[in-house]
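The values are calculated or read from the model by the stated rules, or taken from the named source; none is laboratory data. Quantities reported herein were computed from a predicted structural model and do not represent experimental measurements. Glycine gets a Cβ as well: all are built from the backbone with ideal geometry, and neighbour counts include every protein chain shown. Please note that ligands, DNA and RNA were not included when accessible areas were found on the heavy atoms of the full protein model with its side chains. Shrake-Rupley method; radii C 1.70, N 1.55, O 1.52, S 1.80 Å.
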Amino acid sequence: QALTFDPATGALAQDDASSLTLPADPTKLWYASGLAASPDGKRLVVSAVNEKDVVVFDIDPASPTYKQQTGSINIGAQETYGVFFDPQDAAGTRAYVPVWGGKKVVEVGLDDPAQPAVLRTFATDQNPQGIAFLDAKWMAVANDFGETLSLVDRALAREQRRPQRAHR
């Protein structure tokens with residue numbers, strides 16, 4: 001569901017004309033659990049709670065396929081927790097999807113948004129949720145319940161965990 005925001009008043013309003021239609025399945029509802037726009041503003045990647053598919057939408061107003069789903073990929077697991085783009089990848093060629101119950105982050109290639117591909121997976125501690133990109137090589141993944149940070153060297157696909165400090 002698209003919303004418009006008026007910064008002068010702080011008001012939000014529903015914008016049906018700009019909304020996107022999620023995949024339809026007559027036997028169940030498709031609940032989005034994460035979404036992110038690519039840094040170039042041309043694609044929107046959406047993950048779901050109870051589905052293994054991650055879908056890609058065209059959100060470039062200059063495109064002939066504007067507001068249409070252009071692709072999807074089965075990432076082999078459900079219970080995703082967000083979608084993240086590395087801000088250093090200006091074209092948004094890779095999306096990162098934490099798989100909450102799967103103890104991993106899935107890297108989705110978007111070189112061809114009509115045929116996204118699972119490129120790699122990175123092991124994490126249990127329940128990965130948030131991702132911060134430290135530079136072109138390192139990614140930090142915050143793991144819930146495991147109370148750890150997974151530091152992932154994306155160049156070598158190697159993970160290191162560091163315990164989080166307890167708040168007092």
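Being open to solvent by less than 10 Å² (accessible area, probe 1.4 Å) and either β-branched (Val, Ile, Thr) or part of a loop (DSSP other than H, G, I, E, B) (or both) is the filter here; which residues of the stretch 92-108 pass it?
Gly92, Val97, Val99, Val105, Val106, Val108
Just to verify a result, which residue in the stretch 12-34, among those that are surrounded by 16 or more Cβ atoms within 10 Å (Cβ to Cβ) and touching a residue at least 40 places away in the same chain (Cβ under 8 Å), is farthest from Asn127 (Cα to Cα)?
Leu20
Here is a list of conditions, (1) open to solvent by 30 Å² or more (accessible area, probe 1.4 Å); (2) part of a strand (DSSP E or B); (3) modelled with pLDDT under 95; (4) farther than 19 Å from Ala2 by Cα, and Phe145 meets all of them except one; can you say which number that is?
(2)
Take the residues of the stretch 68-86 that are in a strand (DSSP E or B) and of a type in the set (Gly, Ala, Ser): which is least open to solvent (accessible area, probe 1.4 Å)?
Step by step, filter the stretch 68-86, then rank; the result is Gly71.
Return a yes/no flag: does the stretch 110-121 have any residue that is crowded, with 20+ Cβ neighbours inside 10 Å, modelled with pLDDT of 95 or more and closer than 17 Å to Arg43 by Cβ.
yes
When you go through Asp58, Asp89 one by one, which is the residue that is open to solvent by less than 40 Å² (accessible area, probe 1.4 Å), without any contact (Cβ under 8 Å) to a residue 60 or more places away in the chain, touching a Phe, Trp or Tyr at 6+ places or on another chain (Cβ under 7 Å) and of a type in the set (D, E, K, R)?
Step by step, each of Asp58, Asp89 is checked, and only Asp58 is open to solvent by less than 40 Å² (accessible area, probe 1.4 Å), without any contact (Cβ under 8 Å) to a residue 60 or more places away in the chain, touching a Phe, Trp or Tyr at 6+ places or on another chain (Cβ under 7 Å) and of a type in the set (D, E, K, R).
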